[in-house]
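First the structure, in the form of structure tokens, and then the observations on it.
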Amino acid sequence: MHGYMAANKVKLPRNRTFVVNMANISEHTLPNSTGVCLLDCTTAFNNLTDREKLYAHYISQASWYGNLIVLVQTSPESPGIFLLLQKVFRSQPISELERLATELGLTNEEFEAFQVYAAGFYSNMGNYKSFGDTKFIPNLPKEKFESLVLDCVGGKSDPEGMRVLWNAVSDRMYSLADRQRELALGEKGTTTYFSSNCNVHDAEIASEFMTAKDLSPYNTRLFKKTGGPVEYEVRLASSETSNGEVAGCAAGLLGTHQFTPKDGSGPVTFHVTRGDYSKLMALMCQNLEKAKASVANETEAQMLDEYIVSFTSGSIPAHKNGSRFWIRNKGPVVETYIGFIESYRDPSGVRGEFEGFVAVVNKEMSAKFGDLVDNAEHLLALLPWPAAYEKDKFLRPDFTSLDVLTFGSSGIPAGINIPNYDDIRQNEGFKNVSLGNVLTAGYKDTKITFLADSDKSWP
């Protein structure tokens, strides 16, 4: 009880009342019983040739660099919390950290809560859940978290740097102020896909503008400038930071535009720029370029070329071209996909979160899925809905079971159906990817909480 309450002594505006109760806390902390699963990929990786291992390595490196973008996409404090935790865990073994925690007066439960918070943060690549979008805070008193951070080897070796980091992130790390409890737009929550002064109306105007310019929002963020006439900046993710042309987009896209919304609210100034996450995007491109030396075929080389163009210039059309080559690359031993993919965490549902994965084919399970695909047209006719609900023409998908080596994103799914570009899915196809070692690890020793004990063993 006391730990719960101490963990929520947060700074709040004086003109607001904030009540913390046990119901609030249970929704915003991770229980110590939270499971940690090991994704076993040793055998899969060891079965690769040296060339395949190099290909997997460099795409993995690109994915891990890109994964840092997710921190920026989650919350303002997430990058700082990541650096804080890295300094803690890279400075000494966990056994030494545990001994230090005991000396500092942390109970076993509190040290476990510290580890669970860190594991949850790394798993979600931020302090908001990837499924549910709710914020989670450390389930131990703030002052005990602080003492462990400042007194660990990382804190002692750089006391000023660690103190600066802690002061920058600690209040928001523990805050459950109304606007910080979940991911949402405007006064309803927190988002970094938009500047904090944006609301739903701003999102709608930006959507109109981007539609008029045939500009995909997948790799963009929106920033609103006030203090005079309202102006907007649409910022594209790219390693390039200067003006120029964006591959596959209209000439003159980068720059300043005047736009009149449908509601007749008057001309609005939009600045289209690029260079968001530029240093990370450059590191991704460098590793994709290195991966080209170990591709299995020309299709993979063409795919990587298009991805590099996309991540260099900020071009979604180039990423779509890369996705076309990816679809044509049937049954590769090393499967990958990388880019701004899923839009679940954008309040408007159109901006993509970064995702990059590398996986190796599980041949035995993939053979079973192949049988399923062979019989798909027959099975589709037996489903309890009319053919109008299916695609106009059945395009045979590549349905593969994979063991994950690397997955850089806010969560690892059990399966993926991509790409998400509707025109490609409708006319050219897609891939169904089942991640076998995720399924095996995720449901091992699962605690069933929604059934009575008498029902768990039935029949």
Problem set entry | Cleavage-rule hits, trypsin sites (Lys or Arg not before Pro), the stretch 351-422, DSSP coil, Cβ neighbours within 10 Å at most 12 | 393
Exercise. Straight-line reach from residue 144: which aspartates and glutamates have a Cα under 20 Å away, not including same-chain ones fewer than 8 places off?
Worked result: 77, 96, 98, 103, 109, 110, 112, 158, 160, 171
For this session: May I ask you to list the GluC sites (Glu not before Pro) in the stretch 356-402 that are in a DSSP loop and have at most 16 other Cβ atoms within 10 Å of their Cβ?
Result: 390
Exercise. So if R0 is 45 Å, what FRET efficiency would residue 296 and residue 36 give, r being the distance between their Cβ atoms, rounded to the nearest 0.05?
Worked result: 0.85
Problem set entry | Helix-only [θ]222 nm of the chain, DSSP H runs n ≥ 4, -39500 (n - 2.57) each, per residue, nearest 500 | -13000 deg cm²/dmol
Exercise. Hey, which of these cross-link pairs are over 19 Å Cα-Cα: 188/224; 53/290; 330/368; 225/279; 188/213?
Worked result: 225/279; 188/213
Seminar exercise, completed: Contour minus Cα-Cα span, residue 330 to residue 43, at 0.36 nm per residue, comes to 101.1 nm
For this session: Could you point to the label whose value was computed as Rg/Rh (Cα atoms, Kirkwood Rh) for the structure here, given (1) 0.98; (2) 1.07; (3) 1.03?
Result: (1)
Problem set entry | Computed magnitude of the charge dipole of the stretch 278-403 (debye, nearest 20; Cβ of K, R +1, Cβ of D, E -1) | 260
Exercise. Can you list the residues of the stretch 234-261 with backbone N under 14 Å from a point 7 Å past the Cα of residue 350, pointing along Cα to Cβ?
Worked result: 234-235, 261
Problem set entry | Share, in percent, of DSSP beta bridges within the chain that are antiparallel, nearest 5 | 70
Exercise. With the dipole of the chain worked out from charges on the C-beta (+1 for Lys and Arg, -1 for Asp and Glu) around the Cα centre, which of 34, 55, 384 lies farthest toward the positive end?
Worked result: 34
Seminar exercise, completed: Quick note on 424, 205, ordering by fewest other C-beta atoms within 10 Å, gives 424, 205
For this session: Give a quick list of chymotrypsin sites (Phe, Trp or Tyr not before Pro) in the stretch 199-243 that DSSP marks as loop, anything other than H, G, I, E or B, with at most 14 other Cβ atoms within 10 Å.
Result: none
Exercise. Residue 151 versus residue 262, label points 7 Å from Cα toward the beta carbon: distance in nm?
Worked result: 6.1
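Read the figures in this text as sums done on the coordinates, not as results from a lab. Nothing here was measured: the structure is a model prediction, and the numbers come from that model. Ideal geometry is used to build each Cβ from the backbone, glycine not excepted, and the neighbour counts take in all protein chains shown.
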